[in-house]
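Notes to accompany the following structure.
Any read-out appearing in this document is the output of simple, stated calculations on the displayed coordinates, not a laboratory observation. Because the structure is a prediction, the values reported are computed rather than measured. Methodologically, a virtual Cβ is constructed for each residue, glycine included, from the backbone with ideal geometry; neighbour enumeration extends over all protein chains shown.
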Amino acid sequence: MITLKSRREIERMRVAGGLVAQAHQLARSLIAPGVTTAEIDAALEQLFAQHSAIPLFKGFPGEVPFPAVTCISVNEAIVHGIPGTYRLQPGDIVSIDTGCKVNGWCGDAAWTYPVGVVDDEKQRLMAAGERILEVAIQALGTEKRWSGVARQMMREARSAGFSLVEQFVGHGIGQEMHEPPQVPNYTSASVKGEDFELRPGLVLAIEPMVNAGVPDIRILADHWTAVTADGRPSVHFEHTVALTNQGPEILTAGVGK
Ligand code: MG
């Protein structure tokens, strides 16, 4: 069941969202050639601990529990990359996805950052990913149903010449990180049944994943890392967004800025 959030609950979610934004600013400040993805994860884990925030990703159930507070996905990795010994290199793009719970309420956001100077295709891909998220947030205030938003996201991706990943979707968010509804970045006959009405009080994690090439994915032997099937790069942009009577409000504002 979709639970609508009150004004007061949304304000509490803004606190969690603010800390997620702070975590992103910290990650961004650390991204540099030679830095390992585990070092970035450790810094974010410490930040959450300092604020007595519960990291939402560490221990997330799967075939093996997710081992880190941050998903760090480099280049052809789409989402769910495990931080480790990999050292960032100039020309990489690095997607950081993290979430935390503060006083019982959750925030979740992802952003793709360049390491030094990246090639033209990666630049265009990052710009398109950011734009698709912007289009979705704006459309949240004008469309009647989610399928209308997803249609606008698809149109934007197509006009940029890139593809949206369909295997992973966004989600409702509140006292739990993953709440109903599922928030797909596409529409098709098969998801019609899961469409939902856009009403004030909805809080959604909207998270387009955009591939330079084909939308298909595969999962690495670590059970988590999703990579593009064709090895071409991918980006991931996500905000936690509340739909209020005044329109859409980004609760993770500051991420990527
Ligand atoms: Mg999410």
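Sorting I2, I10 on the 10 Å Cβ count, fewest up front, what's the list?
I2, I10
Assign unit charges at the C-beta atoms only (+1 for Lys and Arg, -1 for Asp and Glu), then state the dipole size of the chain relative to its Cα centre in Debye, rounded to the nearest 20.
Dipole magnitude for the chain comes out near 640 debye.
Taking the Cβ of D41 as the center, what net charge do the other residues with Cβ under 15 Å away carry, scoring Lys and Arg +1 and Asp and Glu -1?
-1
Have a look at A127, V94, V115 and report the one farthest towards the positive end of the charge dipole of the chain, computed about the Cα centre with Cβ charges (Lys/Arg +1, Asp/Glu -1).
My answer, from the dipole projection, is A127.
If you look for lysine pairs in the chain that are eight or more places apart or on different chains, how many of them have Cα atoms under 22 Å apart?
Close lysine pairs found across the chain: 6.
Is it possible to state the helix-based mean residue ellipticity at 222 nm for the chain, with each DSSP H run of 4+ residues giving -39500 (n - 2.57), the sum divided by total residues, to the nearest 500 deg cm²/dmol? What is it?
-10000 deg cm²/dmol
Over what distance in Å are the Cα centres of region 165-234 and region 1-71 separated?
Going from one Cα centre to the other spans 19 Å.
When a/c is below 1.5 the answer is rounded, else prolate if a/b is larger than b/c, else oblate, so apply that to region 7-250 with a ≥ b ≥ c taken from the square roots of the Cα gyration tensor eigenvalues.
Oblate shape, in that a/c is at least 1.5 and b/c is the bigger or equal ratio.
Under 13 Å from the Cβ of P83, count the other residues' Cβ atoms, weight Lys and Arg +1, Asp and Glu -1, and hand me the total.
-3
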